[in-house]
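Input: a single structure, listed below in structure tokens.
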């Protein structure tokens, strides 16, 4: 990997004391030159303390900002601190850090502006719950049609992006970040997106924040944001 | 319209007008957010006291009972006021999010500076 690039890996957490040390350890092992920032949404357990003990950067944001607000914070942090590459790994251990160098290298090599680790780009044996599988299939079809390319895993947060995309989400795009809407915005702004097949694990330990009622809410919110997004003027990028 | 209904509509809207003005006077309600709450009672006051105008509006709206038209107009203004409030809440929540994100980043920078300072001091 090119040592000239400043790489930041962000890990979003909420009550992940059982997984966080292992996730950070995995990232350090596979991307030793990268800085790591943990963005914590007011965990009530020892997630923050453990992350600090691991010697990584920790940003604490209010829980109500949600995943989108946390990701936006990561983009703003990466922009302010002048990083060239930003990668994202979930704090629950589902994303295998072994695949991180592959994602980051694809961005550095200029294969695409955004590289997404996909569970479904190749048969990897990943089994999602029924509600999640239905949502993923629905958004996969919609996003593939809207972005004129095959998007197999629209809810994957396992991504790496380059400096232009960091700037786009941190400064230029005044939007409420969500995985689904981000793909459409990136396509509208002219960024290239590439999916790489990755193997994802079941969460290591602890309870997922994914609930059926909330799943329907997010599906409705995602559909509405896609529909209204089509009626909006395309976002502009400066570079 | 029956005299009793007219009196209720006039005194009701006058009462609301006084409450809104009092809230603005005490600076508990900002002028820009009081517009809908002022326009609504003024409109009802005018229509309740100017019967011919209310009757014309009622027949234009295809309603046979004037107080129903008055109620519908009041309800329309209330809906607009709620929509206006939802827009304000959305704007506030976006601003609040940006502030919280900036605070998180600034707090990290401050802690880092303090750590460097402590390191230099010892």
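Throughout, read-outs are computed from the coordinates displayed, never taken from laboratory work. No experiment lies behind these values; they were computed from the predicted model shown. Positions of Cβ are generated from backbone atoms using ideal geometry, with glycine treated the same way; all protein chains shown enter the neighbour counts.
A few notes on this one:
- Per-residue ellipticity at 222 nm, computed for chain B from helices alone with -39500 (n - 2.57) per DSSP H run of at least four residues, works out to -31500 deg cm²/dmol.
- Estimated 222 nm signal from helices in chain A, with DSSP H stretches of n ≥ 4 weighted -39500 (n - 2.57), rounded to 500: -12500 deg cm²/dmol
- Region A:15-128: translational diffusion in µm²/s, Stokes-Einstein, Kirkwood Rh over Cα pairs, 37 °C, 0.692 mPa s: 217 µm²/s
- Temperature 20 °C, viscosity 1.002 mPa s: under these conditions the Stokes-Einstein estimate for region B:3-121, based on its Kirkwood radius over C-alpha pairs, is 119 µm² per second.
- Here each label is just a point 7 Å from Cα along the line to Cβ, and for residue B:83 and residue B:109 those points are 4.1 nm apart.
- Region A:7-231 - share of DSSP beta bridges that are antiparallel (%, nearest 5): 30 percent
- R0 of 56 Å, Cβ-Cβ distance residue B:30-residue A:96: FRET efficiency to nearest 0.05: 0.60
- Shielding by other protein chains, B:105-117, mean Cβ within 10 Å: 2
- Taking the C-alpha atoms only, the angle from helix B:3-25 to the longest principal axis of chain B is near 20 degrees.
- Gain upon complete extension [residue A:223, residue A:63; 0.36 nm per residue less C-alpha separation]: 55.2 nm
- Globularity index of the protein assembly as shown, i.e. its alpha-carbon radius of gyration over 2.2 N^0.38 Å: 1.31
- Packing order of peptides A:18-26, A:111-119, highest average first: A:111-119, A:18-26 (average count of other Cβ atoms within 10 Å over each peptide's residues).
- In terms of packing, defined here as the mean over residues of other Cβ atoms within 10 angstrom, the peptides A:38-44, B:40-46, B:3-9 line up highest first as A:38-44, B:40-46, B:3-9.
- Extension gain, residue B:96-residue B:65: 0.36 nm per intervening residue step, less the Cα-Cα distance, totals 6.5 nm.
- For the peptides A:169-175, B:88-94, A:82-88, the ranking by packing is A:82-88, A:169-175, B:88-94, with the highest mean count of neighbouring Cβ atoms within 10 Å listed first.
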